[in-house]
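The values are calculated or read from the model by the stated rules, or taken from the named source; none is laboratory data. Remember, predicted model here, so these are calculated numbers, not experimental data. Every residue, glycine as well, gets a Cβ built from its backbone with ideal geometry; the counts of neighbours run over all protein chains shown.
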Amino acid sequence: MAAVNLAYPYSDADDQEPAPTPVRRPWPHRRAVRAVPEAGPLIAMIGGGQADRTGREHLYRRLHEAGVRVLSFDRSAPAAWQRPYLAGHKWVSAMNAATLSAVVAAHPDPVNGIICWEDRHFAAAAAVADRLRLPGYGRTAATASRDRAVTRTLLEASGCAVPRSALAVDLAEAEEAARTLGYPVVLKPRLKTTGYPARLAEDHGRLITGFAATAGAATAAAATLGARRGVLVEQRLDGPEIVAICLTVGGVTQLVSIVRTMVDFTPSAADLGHLVDAADPLLDDQTIRHAANVSLRALGVQDGASQVSMRLTPAGPCVMAVNPGLHDLVTRLVYLATGADLATAETMIACGAPMTVTPQRHHRVAAVTYLSAPAPGKVSRLELGAQLSDQVGRAAWLERLVLDVAPGSAVDPSPDGHTARIGLAVVTGRNRRECHERLDRLRRALKVTVVAADGSAPPAMSVSGSR
């Protein structure tokens, strides 16, 4: 990344500028970088300190290129790579609405808007916007979207199609719900929080073990977030899963993009990857548009970005969840495929500025696949293959390949039952078939050998990922 010329009030002499990234060929749809205005809107970023560079830097870059000045408000100081993108950082003693509102309001320069890219702070950020009378998602909507039971109640009351479900606070209630719904069922903590995935229970035995794990996660989340505990026992639906990316201004919603999601249950839900097709025919499906609009109105969303998860069943789209804000890498995929700059659009909405997003409906597809090792153990060898090594940093279709392991790294099963991810890859193509072919080529070329705990070494295997 080239150095960003933004004055930053830090005196740490040891901080280094981010290393330049490899020069890549420009994408056919990429627009020229705009000059940075001398004084753009001033935005309060709630949270975000020490963010992951892989998924988050492109969002900061988009705001910088749009001339947006970002002030960070967090208990954690920004990482070194974040600082060139920021106009400043303000330490906050507590990440609650009252404290944040007071600190933001006390800033000498008036703040034009509030944004947040951290799920755990989103409700507080929405409350800050309400208190300061700035455009925002709405505190009620942000709080409701985090509670699956409340979300489900509001969606059902609005007439939105949702899976049949029941809230259980103990195993007996979960068993009764499973008997009523019929196996298999999906177990989800009542409160959405990172690291506590849904679990699939195909029979009574798996219900017992799955409920114990999910109830523990639900109790921990409730203790942290100060809300009621419980497990949502949900009907398992068949059909492809999609996410409708929406922008709402003054309660009026625009469907911007469709994300096709690959999920694996072994035994808990894990995203294997996402794909965005600029010419996806689902963009013209009126039932999907209607479901997204009804669900966001039901929650009372006012201004901001949303992700409406749906299952496309034979009876029509069924809304699974409503998640406020933007997903780091999905936002990147939407930009690569359609040219739509969601990060800047969300920020302009937060400032109350008129914003029109017109995604390009051309033949362009972008996809991310999350890579997992073939087995737990210690990595003894990692090979990219001659053909893949030659492509990294040169091929326009390979936007990024990130590997988080090296020979000697430990690869352990994650708490949710999946082998830990070892990296990710983002590719583009003219259509979905070409994207999948490139992902397959990448997975075949990338070999990881893992030594088991007893010292035995299975044959080298290609890494696993989405298809």
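Scanning segment 112-134 for residues that are touching a residue at least 60 places away in the same chain (Cβ under 8 Å), surrounded by fewer than 23 Cβ atoms within 10 Å (Cβ to Cβ) and not in a helix (DSSP H, G or I) yields Asn112, Glu118, Leu134. Taken together, the residues in segment 85-100 that are touching a helix residue (DSSP H, G or I) at 6+ places or on another chain (Cβ under 9 Å) and surrounded by 18 or more Cβ atoms within 10 Å (Cβ to Cβ) amount to 7. Take Val301 and decide whether it is under 16 Å from Gln254 (Cα atoms), at pLDDT 95 or above and in a strand (DSSP E or B). No: the conditions fail for Val301. For segment 77-91, state whether one or more residues are at positive phi and within 20 Å of the chain's Cα centre (by Cα). No, segment 77-91 contains no residue that is at positive phi and within 20 Å of the chain's Cα centre (by Cα). For segment 76-84, the condition of being in contact with a strand residue (DSSP E or B) (Cβ under 6 Å, 6 or more places away or on another chain), within 20 Å of Asp303 (Cα to Cα) and surrounded by 18 or more Cβ atoms within 10 Å (Cβ to Cβ) holds for none of the residues. Residues of segment 42-64 that are acidic (Asp, Glu) and surrounded by fewer than 18 Cβ atoms within 10 Å (Cβ to Cβ): Asp52 alone.
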